[in-house]
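Supplied in structure tokens, the structure appears directly below.
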Amino acid sequence: MWHELLPVGRHTGSGGYRRFAWTPADGECRDWFREQAAARGLTYEADRNGNQWAWYGDPAAGNAVVTGSHLDSVPDGGAFDGPLGVVSAFAALDELIARGVRLSRPLGIVNFGDEEGARFGLACVGSRLTTGQLTAEQAHLLTDADGITLPRAMEAAGHDPDAIGADPGRLARIGAFVELHVEQGRALDLSGDPVGVASAIWPHGRWRFDFRGEANHAGTTRLTDRHDPMLPYAETVLAARREARDAGAVATFGKVAVEPGGVNAVPSLVRGWLDSRAPRQDTLDTVVGGVEKAARAHADEHGVRLDVVRESFTPVVEFDHALRDDIARLLGREHGDRGITVPVLGTGAGHDAGILAARIPTAMLFVRNPTGVSHSPAESATEDDCLAGVRALADVLEGLACP
Ligand code: HGY
Ligand code: MN
Ligand code: MN
């Protein structure tokens, strides 16, 4: 399964993945999901928001146990972020069938669409729409860098954009959601555990800083006459690092767009996107407030106009304590030679599980990432750890879905 998916959407130059929502690469991932469902005789459906579901048992019975993740990627992302959770879901089902267990609840496998928000700028579009945390009207306004709106992109991929919206009926039939994900950090590497359980997700968001200056000639315009937006932008990037460091948070300007982008011209517009995350909401507010304050001061200094727009935000997520503790206990029980000690760890990475947690009991399993590197072609996990993750997920699903 893993090797069939591996080449899809992989950029030959960087070795990273470019599986962006509603692009042909995304479509190939969706084809792969449908094939895996068909190969197991599972009932397949694509919901109104483009998320894909594969059912073992009848979901209409309700109280389903669902597992899965996403297949889309960040620009030049790694192979594991998202796909490991979906492949492990199918593999865990295969394991349950091999064990001959009799499930007393429907078991669902899901691929949530557009989790990374790489193309339209908003994270977790598929799960936000389904939970009603993003309205159809808001979703219809999302536009990519080429000016293509989400509805047009959906239509081009054969999905009806007028069907999108909240899906309370579907959520009402789910009793628990468990997402397995490669760890995006080194906690498991440092603790020496192959698998961990999530406790919480930090509050985090994305803010677009638009610095509007005055285009001019790079060779003839005196420095004192310039309104160069690149300067307050550069100062703001450094201010973000200072604010985050002082607050014990993180802040990143990982994407910048310069218009018109001439080597021999002072730019008219510099757009920078801030991603910031912190253990607590008040800390995050302090960091982003400090960055914005510095940005305004530097913009004023250069006679540059600044607009700041919050494009994506996810509040702190505390995973369901009962489910978290059940899973930690279940996995902590000695399984013969497969005894797994299970650390419980927080994360600064957002996930569909974090969105669903607002509506249904949700948990996450992490699989060790030896370097912690993620959102990079260098992201990795060993086969042994991935198989430990599948066994752990199978144990959890068996514990939840078998009397
Ligand atoms: O940005 C995140 O934390 C996630 O990968 N979408
Ligand atoms: Mn990611
Ligand atoms: Mn992910």
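Taking the Cα centroid of the range 263-334 and of the range 27-91, what is the distance between the two, rounded to the nearest whole Å?
Using only Cα atoms to place each centre, the spacing works out to 29 Å.
Moving on. For the chain, what mean projected area does the convex hull of the alpha carbons give, in nm²?
That works out to 20.2 nm².
For the range 1-128, would you read off the P(r) tail past 18 Å as a percentage of all alpha carbon pairs?
Tail fraction, whole percent: 51.
Any chance you could give the angle, 0 to 90 degrees and rounded to 10, that helix 281-301 forms with the longest Cα principal axis of the chain?
Result, in degrees: 20.
Hey, what angle do you get for helix 24-39 against the long axis of the chain, alpha-carbon based, 0 to 90 degrees rounded to 10?
Computed tilt is about 10 degrees.
Another question, then. Under Stokes-Einstein, with the Kirkwood radius over Cα pairs standing in for Rh, what whole-number D in µm²/s applies to the range 113-165 at 25 °C and 0.890 mPa s?
Answer from the Stokes-Einstein relation: 225 µm²/s.
Sticking with this structure for a sec: Quick one: check the C-alpha center-to-center distance for the range 109-177 versus the range 358-393, whole angstrom.
Cα centres, the range 109-177 to the range 358-393: 24 Å.
Given a 10 angstrom Cα cut-off, can you work out which residue in VAL390, VAL74, VAL101 is the most mobile in a GNM of the chain?
Judging by the Gaussian network model, the answer is VAL101.
GNM, the chain, Cα, under 10 Å: largest mean-square fluctuation among GLY78, GLY219, GLY169?
Maximum fluctuation in the GNM of the chain, among the listed residues, is at GLY219.
I want the antiparallel fraction of DSSP beta bridges within the range 49-142, as a percent rounded to 5.
Percent antiparallel among DSSP bridges in the range 49-142 is about 45.
Could you check the spin-label model distance between ASP285 and GLN133? Points 7 Å from the Cα along Cα→Cβ, value in nm.
1.9
Could you state the angle between the C-alpha long axis of helix 321-332 and the longest principal axis of the C-alpha atoms of the chain, as a value from 0 to 90 degrees rounded to the nearest 10?
It is inclined by approximately 60 degrees.
Then there's this: DSSP loop trypsin sites (Lys or Arg not before Pro) in the range 96-186 with at most 15 other Cβ atoms within 10 Å of their Cβ, which ones?
Filter output for the range 96-186: ARG102, ARG186.
Now a separate question. To check you understand DSSP bridge types, tell me what percent of the beta bridges within the chain (both residues inside) are antiparallel, rounded to 5.
Within the chain, antiparallel bridges account for around 70 percent of the total.
Each value in this text was obtained by applying a stated rule to the coordinates, not by laboratory testing. This structure is a prediction, so every number in the text was calculated from the model and none was measured. All Cβ positions, even for glycine, are placed from backbone atoms using ideal geometry, and neighbour counts span all protein chains on display.
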